[in-house]
Amino acid sequence: MVESSPANPGNMSQNDTVDVSRLVDDSGLNPLNVGLVIVGFFVVLVDGYDLVALGYAAPALIKAWNIPNKAALGPVFSASLFGMLAGAPLFGYVGDRLGRKAAIIGACLTLGVFTSAAALTTSLRPLLYLRLLTGFGLGGLIPTLIAITIEYAPRRMRATLVTIMYSGITFGAAVPGAVSAWLVPRFGWQVLFLFGGLFPLLMCGAVARFMPESIKYLIVSGRSQAKVSALAARLKPGLVINPGTRFVLPEEGNYRGFSPRYLFTGDLAAITPLLWLCYTAVLVSYFLLVSWMPTLLTAASVPAGKAAIATAIFQIGGMIGSLILSWLIDQRGLRIISLMFAMAVPAVALIGYVGGAEFLLIPVIFFAGFCVLSILTGLTVSTAMIYPTSIRANGSGWAIAIGRFGAMVGPMLGGWLIEMGLGFKEVLAVTASPIAVGFLASLLYTSLGSHRLRAQELAQAPAVSQALAE
């Protein structure tokens, strides 16, 4: 906020200093950050839609292209995940160097162009290449959207606002089912890709028109003072800004250019690898569960219909858990993530013991989803909180990219365990094991992360006082 003395923030002089972090915190919910969350929610819908759209198109593709072996679609399904490995750090770099809006528009444009082009394919090989390129856009959206959302979120609402924006993925994943049921019978499988391509292209215009650039990014990058002043005025209507006013982020370091080594400077040298380990561990278990749960439950004598419902309940539990965990992070700090890790281990293992008892299956799977998916949300939110503005998009991008290795390992591990002949209980016990490893890593990660966040808060007020004394 603007201040000539800490006690009287509204009394300004020609050498006033605006601590933008305090300005954002004190402004609370306002039209600027609420509008940003709404736009981000609809942009994230694109991501959720594309992640599952190919699955709905697959039966029609097999029939239309006379594909004799369904397993031939496996590499096509995996192609976008490989693209995301490169897209997350690539667009993270763009977001930290050219701006959050530029990265989001670039990711939407990439996603829209190559998804639309998939509707023109007539064989698997070009579809595979297009899905790989589509993955670049998919990987770039999430870290940059999280970065800009958290940079306008008050400290006590950061995790909650990011989670509300991020929940668009879940709603987006439901749309291809409706498109498949209503439009594919009339227009063919191509409509799934056309719809999935045109919507992100439309969102490019929405982002350009309605999404503000990050005020914190503008400060650390030394961009237009006029834009910073205008955004500060929008955050706090009626704010008087003098020509000599300085905008500062006293609690943050500033990195010029980008090198991956910046993610390992100071206390980040321990925080970054611990974060990557936590991400990878939980994604191994999550993707093993969502890939093989219907098959495993059916093998455990659960009717196919109830197995499908149970899998959906897992996602619903995750959505509710994510919202609750985000609120708890805002109120209690990062250590709540470790508690969720600790509860997720027995919750996942317990699925193997109640698979045949249908009256227990739904609540146990709900609770497992509650824990596992809330962990993913908590790690995603904490990433954007811990890294400074100048490398925030890169930090989030690299964490998400590294975690994708776990996403790819999970389904393969599940297939290997089933092929070995392991029973339902044993497979679920193994599935819980990576989460146990993540729990141990999270104890140190959340401790170091909490210390870093406290240090940022303590650095803020003295730095402003010093600046005012100059």
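The values are calculated or read from the model by the stated rules, or taken from the named source; none is laboratory data. Here the structure is a predicted model, which is why all the values come from computation and not from measurement. Please note: Cβ atoms are built from the backbone with ideal geometry, for glycine as well, and neighbour counts cover all protein chains shown.
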Considering only residues of region 294-317 that are without any contact (Cβ under 8 Å) to a residue 60 or more places away in the chain and under 23 Å from the mean Cα position of the chain (by Cα), which is farthest from VAL52 (Cα to Cα)? GLY317
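Considering only region 146-231, give the helices (runs of 4 or more DSSP H) lying wholly within it that have at least 2 residues that are surrounded by fewer than 22 Cβ atoms within 10 Å (Cβ to Cβ) and among the aromatic types (Phe, Trp, Tyr). Give the steps one after another, and end with the answer.
On the way: elements: 158-166, 168-182, 184-187, 190-210, 215-220.
Output list reads 168-182, 190-210.
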Looking at region 366-379, which of its residues are surrounded by fewer than 24 Cβ atoms within 10 Å (Cβ to Cβ) and under 22 Å from LEU263 (Cα atoms)? LEU376
Any chance region 303-316 includes a residue that's modelled with pLDDT under 90 and either within 30 Å of ASN394 (Cβ to Cβ) or touching a Lys or Arg at 6+ places or on another chain (Cβ under 9 Å) (or both)? yes
Please work out which residue is surrounded by the fewest Cβ atoms within 10 Å (Cβ to Cβ), limiting yourself to region 422-453 and to residues that are under 13 Å from GLY352 (Cα atoms) and small (Gly, Ala, Ser). GLY423
Looking at region 267-284, is at least one residue outside the structural domain of LEU36 (by TED's automatic domain parsing) and not in a helix (DSSP H, G or I)? yes
